[in-house]
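Have a look at the structure below, then the notes.
Derivation of every value follows stated rules applied to the coordinates shown; laboratory data play no part. As the structure is a prediction and not an experimental result, all values here were calculated from the model. All Cβ positions, even for glycine, are placed from backbone atoms using ideal geometry, and neighbour counts span all protein chains on display.
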Amino acid sequence: MGERRGHRHREDSTLNAYALAGLVVLNLLLLASGTGLLWLLRGFDTWLELGRLAGLAYVLGVVTVGSLWTLLLIAGIPFSLWIVLVVPVAVTVGSALIARRRGRSPPRGGSVGAGNSLIVTAVGISATGLLLEGLFRMSRLSGLYWWDAWSFWIPKAKAIYLFGNLDVEFFTTLPGSSYPPLVPVLDAGAFHLIGSADVVTLHLQYWLFGVGFVWALAGILAERVPAWILWPFVLLLLVAPRIGRRFHITEADLLLDYLFVLAALLVAYWILDRARWRLVVATVLLSGMVLTKREGMLLAAVLLLAALLASARQWRSAWPALGVSAGVVVAVAAPWRIWYVVHGVAGEGPTSGGLDPTANTERLWPSFRLAFDVLLSSDYWSVIIPVALGALVLAAFARAYVLAVFFGTLVALVTLGGGWITWVIPELEITQELGANPIVRFMGSAALLCAAASPLLLAAAWSAVTAREGVDAT
Amino acid sequence: MTARAWVAVAIVLVPLLGYPLVTLAGGSPRFPSREECVRSPVEGQPVDLVFGRFDDPEVAAETADQVVAVGFIGTEAFPDGCGRWKVVLGGVPSLETAREIQAEAATVDLRPTLELGSED
């Protein structure tokens, strides 16, 4: 009996190790894809720079490979293990070859510096890492408890994994049938490498998305934000009730928010320095957003609108580039919309027409009030929102107008968008109850944006106050 | 590297390596195995006759069709909740009846096993 139990234990350990090793391989492939693309788009001067941007590379790899998988699936290419492996390898090898042909040189050494900021950065990385390790334990042991996850996100993923296609009957009858399939496709890719539709281990994939996002956020912000301003905000978002503690949940909301926030930061930087690679990467992330959730269309639209406003002073050069970006996003969004229209699925738009100001007038004020209430709730976002509002005011006083206008407009538009969703869909109750209205999920994008923008705004204000070289945001 | 850089490396690595090592020193978490999806039948409770478990749903469906074709009407392929698909004739009211069906299946070279009936 003891021998039998020992044998079973070894077998479990082997299965467990196989599943974890599969996930590691998949995510290394995604990281390699994004690193290759970033090397092609901008190059890396030093290994330290590559390390700083590795999180962004990972997220870029996830979105690029996930979007290609999704578009191939929609085009009718069977989603097999072969496709799962070939796409990231092709992206990695292809971008590396083109980068070499264009004369990109490999990164060199690089110095970590020796100032006090080095110690602050080390403490920040250590504290953030510990929190993420704590979240790993929660992710490794989590069951499938969330309604949307087990009612349609994971069933869709299982169907793609098991049948290798978008089974029309199944996909058109599930709840959320018009939701784009990027997240189920990523899940199915993970299942292929895990070796089965193991929904427990899948939570680790979402934890890795979270780690990638935090790394990407810190890496992008570190370019312009001093360490002592940056790391408290990274820790703040990890301990906010509806952000860090939800890293492992196998739904699309947080992934959408990650892409939105990183795209917003890259667009803000692009408006400031016009480094073309930033807009290219932001466009890829925006394209991923419209393949992730239907709210992704709204968030991408308001982001581009805020960018138009913030770049109005240089509209001749900025607006055409933003127009091209918008065109790419629409082109990527189209195939899925064509698929569900062809198969008779109800659309993603509002049921009451959308912009008719005379429709549902009794819902107008309560809907927008609900969005503002959710935004200002410390139960969901801790102190993120009041701190962000303070940072916006300080940045405006410091004449960091571009950043203040961009992020202020964006937060306002997202909040108005949340109110608009409730207003134009009469089926939604005016409530923060998760099962009756998606407003809390949607406003997570505004909260995460506030957490990400605050250090940048404060750094701009600090730079102005100290008149030292740093953020040039005016 | 400077002394300050070594201090920074230590600040990062000591807690990040120490925390999992201390945690794992108390033993790694235990996960249920696939075999634990197989529950022995209990006298007085419904019984399932399981004609096999498969990784591929199509193979499971084909097997279910073959079992139905030789007379075991109502046999279907279901996910077993542990990443595989099982071919089941479910809802047999008693262990005694299940054993009779099992013996009948053996006459057509089928070897179903008896399991505790699933609630659904």
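Here are the numbers for this structure:
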{"read-out": "Cysteines having no other Cys beta carbon under 4.7 Å from their own, within the protein assembly as shown", "value": "A:Cys450"}
{"read-out": "Pair B:Leu95, B:Ser28: separation of 7 Å Cα→Cβ label points (nm)", "value": "3.6"}
{"read-out": "Cα centroid separation - the range A:75-93 against the range B:58-112, whole Å", "value": "37"}
{"read-out": "Cα centroid separation, the range A:123-198 to the range A:210-283 (Å)", "value": "21"}
{"read-out": "Approximate spin-label separation A:Gln432-A:Leu48, in nm, with each point projected 7 Å along Cα-to-Cβ", "value": "4.4"}
{"read-out": "Span-rule helices in chain A, defined as complete DSSP H runs reaching 27 Å or more along the axis (Cα) with Kyte mean at least 0.0", "value": "A:2-41, A:54-74, A:81-101, A:116-140, A:202-221, A:253-273, A:315-342, A:401-424, A:439-466"}
{"read-out": "In nm, spacing of pseudo-spin labels at A:Arg108 and A:Arg245 (7 Å Cα→C-beta vector)", "value": "4.9"}
{"read-out": "Size of electric dipole in the range A:99-201: Cβ of Lys, Arg +1 and of Asp, Glu -1, about Cα centre, debye, nearest 20", "value": "800"}
{"read-out": "Fewest-first sequence of A:Val63, A:Val84 by Cβ atoms within 10 Å of each Cβ", "value": "A:Val84, A:Val63"}
{"read-out": "Modelled FRET efficiency - R0 30 Å, A:Trp319 with A:Trp277, Cβ distances, 0.05 increments", "value": "0.95"}
{"read-out": "Space enclosed by the convex hull of the alpha-carbon atoms of the range B:34-116, per residue, Å³", "value": "79"}
{"read-out": "DSSP H segments from chain B that extend 30 Å or more along their own axis, Cα-based, with Kyte-Doolittle mean of -0.5 or above", "value": "B:3-25"}
{"read-out": "Antiparallel bridges, percent of DSSP beta bridges restricted to the protein assembly as shown (to nearest 5)", "value": "95"}
{"read-out": "10 Å Cβ neighbours from other chains, averaged over peptide B:75-83", "value": "2"}
{"read-out": "Estimated FRET transfer efficiency when R0 is 45 angstrom, pair B:Ala10-A:Ala412 (beta carbons, to 0.05)", "value": "0.50"}
{"read-out": "Shielding of A:187-197 by partner chains, average beta-carbon count, 10 Å", "value": "1"}
{"read-out": "Dipole magnitude (debye, nearest 20) for the protein assembly as shown, charges at Cβ of Lys, Arg, Asp, Glu", "value": "3080"}
{"read-out": "Charge-dipole axis of the range A:349-474 as Lys and Arg at +1 and Asp and Glu at -1 on Cβ define it, positive-most pick from A:Leu448, A:Val387, A:Thr361", "value": "A:Val387"}
{"read-out": "Interatomic Cα distance distribution for the range A:241-361, bins of 5 angstrom, percent", "value": "2, 10, 18, 18, 17, 15, 12, 6, 2, 0"}
{"read-out": "Residues whose placed amide H lies under 5 Å from that of A:Ala252, excluding near-sequence neighbours", "value": "none"}
